[in-house]
Amino acid sequence: MNKTRLIVLFSAIAPLCAVLAQEQGRVYIVRTGKPTRQTIAQSIRKTGSLVSPAEVAISAKVGGRLLKLELADGTRLEEGVRVKAGDKIAEIDARDYRAQLEAAKATVASAEATVKDAKREFDRANTLFKEGTATEQERDQAEASYERAVAALAQAKAQAEIADINLDETVITAPMDGVVTKRAVEPGTLLTAGAQIATITQMNPLRFQLALPTTLFASLAPGKTHVSIEVDAYPGQPIDATVSRVYPVADDATRTVRVETTVDNATGRLVPGMYAVGALDLNRRENVLCVPFDAIIKNDKERIVYRIADGVAQAVKVKLGVRSDAIVEVVEGLSDNDEIVLAGQHRLTDGAKVKNEEIK
């Protein structure tokens, strides 16, 4: 009876032993390579738009009839016209202001004469007072008249300066380089002080603005974080830039922070309001050890890579860093000269024999 049981047990175990012996002698074909040193960054894509850094509504500082709304060369000031800072763009009828200036100048001349006369009277009264032929009251009255004349002269000069400024304001100039984006009135219009004439928008440089989650705030470095911008109107033509400013306050509703970069627009092919996508390189790390992400095996909470030594696969625990698309940084666990399995690793176990096809 016992002999029969042993025969049956042996018959059941024998195939299993044969399989185990076969597995122990099996050699797996794998493809291998070595880690490489690369510059890597976490890439994140966000949509945004191009905006102008400045838009100025040009208004009349003084009232009057608008005589001209054109550049010095006669170019009509209308939407799309480019202007330079200081260019004459409009002219208001200056006859009233010119007459006011002349009247103010005449008042100044009269006040200057009054000051001279009052000074002579004061000097005479002061001399007579010292000689004893004039009273102190007479001297004080002469001195007060002189001081009032001096004050009147200062007031007249101030009025003349205001009249001169108002006359200058009848010629309106562009405050900055830009493009006219709105023409608000036509020549012949009777303007009041403060009436809008046109709008000028700065076109170079422009700004690209987008919103990022506050969780990425610590990863942003103005002047360093690289941004690749692709405008919908020009697909396949990325613009390289860096983050120029990160707003210091987050939006309470969206929990995002506004990020801004400067975009050169010397050619003028971009316009504010264009839709664009920005790819930001966050956590940029240079000359770090990297492997293909597919070489990593997730095992419970661990990450392992199979390293080859003398034809045997060794399961090595690794600590990963930044991932960028198909590659990932290895912080701990591997060295530059390690030979690792890049393909065929999912069939392996620790200690398996392998035959490699090295990837150059």
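Results, tabulated for the structure shown:
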read-out	value
Given (1) closer than 29 Å to Asp232 by Cα; (2) surrounded by fewer than 16 Cβ atoms within 10 Å (Cβ to Cβ), index of the condition Asp294 fails	(1)
The stretch 61-86, residues that are part of a strand (DSSP E or B) and of a type in the set (Lys, Arg)	Arg65, Lys68, Arg76, Arg82
Options Val322, Val291, Val312; residue that is over 26 Å from Leu216 (Cα atoms) and either among the aliphatic types (A, V, I, L, M) or assigned by TED's automatic domain parsing to the domain that holds Thr36 (or both)	Val312
Per-region count, the stretch 183-209, residues in a loop (DSSP other than H, G, I, E, B) and either over 20 Å from Arg82 (Cβ atoms) or touching a residue at least 24 places away in the same chain (Cβ under 8 Å) (or both)	13
Flag if Leu212 is under 23 Å from Gly321 (Cα atoms), among the aliphatic types (A, V, I, L, M), not in a strand (DSSP E or B) and not assigned by TED's automatic domain parsing to the domain that holds Val62	no
Breaking point among (1) in the same structural domain as Ala154 (by TED's automatic domain parsing); (2) surrounded by fewer than 18 Cβ atoms within 10 Å (Cβ to Cβ); (3) not aromatic (Phe, Trp, Tyr), for Arg76	(1)
Residue list for the stretch 87-102, filter: assigned to a strand (DSSP E or B) and not aliphatic (A, V, I, L, M)	Lys88, Glu91
Selected residue (only one of Tyr275, Tyr306 is within 28 Å of Ala218 (Cα to Cα), among the aromatic types (Phe, Trp, Tyr) and in contact (Cβ under 8 Å) with a residue 24 or more places away in the chain)	Tyr275
Residue that is farthest from Arg207 (Cα to Cα) [pool: residues in the stretch 45-75 that are out of contact with any Gly (no Cβ under 9 Å at 6 or more places or on another chain) and among the aliphatic types (A, V, I, L, M)]	Val62
Those residues of the stretch 27-55 which are in a strand (DSSP E or B) and basic (Lys, Arg), in sequence order	Arg31, Arg37, Arg45, Lys46
Residues located in the stretch 314-342, provided they are surrounded by 12 or more Cβ atoms within 10 Å (Cβ to Cβ) and either among the aromatic types (Phe, Trp, Tyr) or touching a helix residue (DSSP H, G or I) at 6+ places or on another chain (Cβ under 8 Å) (or both)	Arg323, Ile327, Val328, Ile340, Val341, Leu342
Every residue from the stretch 38-55 that is β-branched (Val, Ile, Thr) and either exposed (fewer than 15 other Cβ atoms within 10 Å of the Cβ) or at pLDDT below 95 (or both)	Thr39, Ile40, Ile44, Thr47
The lone exception for Ala253 - which of (1) out of contact with any strand residue (DSSP E or B) (no Cβ under 7 Å at 6 or more places or on another chain); (2) closer than 29 Å to Ala85 by Cα; (3) of a type in the set (Gly, Ala, Ser) it fails	(2)
Matching residues, the stretch 162-172, being assigned to a helix (DSSP H, G or I) and either buried (at least 17 other Cβ atoms within 10 Å of the Cβ) or in contact (Cβ under 8 Å) with a residue 40 or more places away in the chain (or both)	Ile162, Ala163, Asp164, Asn166, Leu167
Residue, nearest to Phe122 (Cα to Cα), within the stretch 134-149, restricted to residues that are over 60 Å from the mean Cα position of the chain (by Cα) and of a type in the set (Asp, Glu)	Glu143
Qualifying residue in the stretch 110-124 (condition: of a type outside the set (Phe, Trp, Tyr), surrounded by fewer than 16 Cβ atoms within 10 Å (Cβ to Cβ) and part of a loop (DSSP other than H, G, I, E, B))	no
Considering residues of the stretch 313-333 that are of a type in the set (D, E, K, R) and either at pLDDT 90 or above or more than 33 Å from the chain's Cα centre (by Cα) (or both) only, the residue farthest from Asn287 (Cα to Cα)	Lys317
Qualifying residue in the stretch 211-219 (condition: over 16 Å from Ser43 (Cα atoms) and not β-branched (Val, Ile, Thr))	no
Within the stretch 125-139, tally of residues that are surrounded by fewer than 14 Cβ atoms within 10 Å (Cβ to Cβ) and assigned to a helix (DSSP H, G or I)	5
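The values are calculated or read from the model by the stated rules, or taken from the named source; none is laboratory data. Predicted model only: the values in this text are computed from it and were never measured. Because the Cβ atoms are built from the backbone with ideal geometry, glycine has one as well, and the counts that use them run over all protein chains shown.
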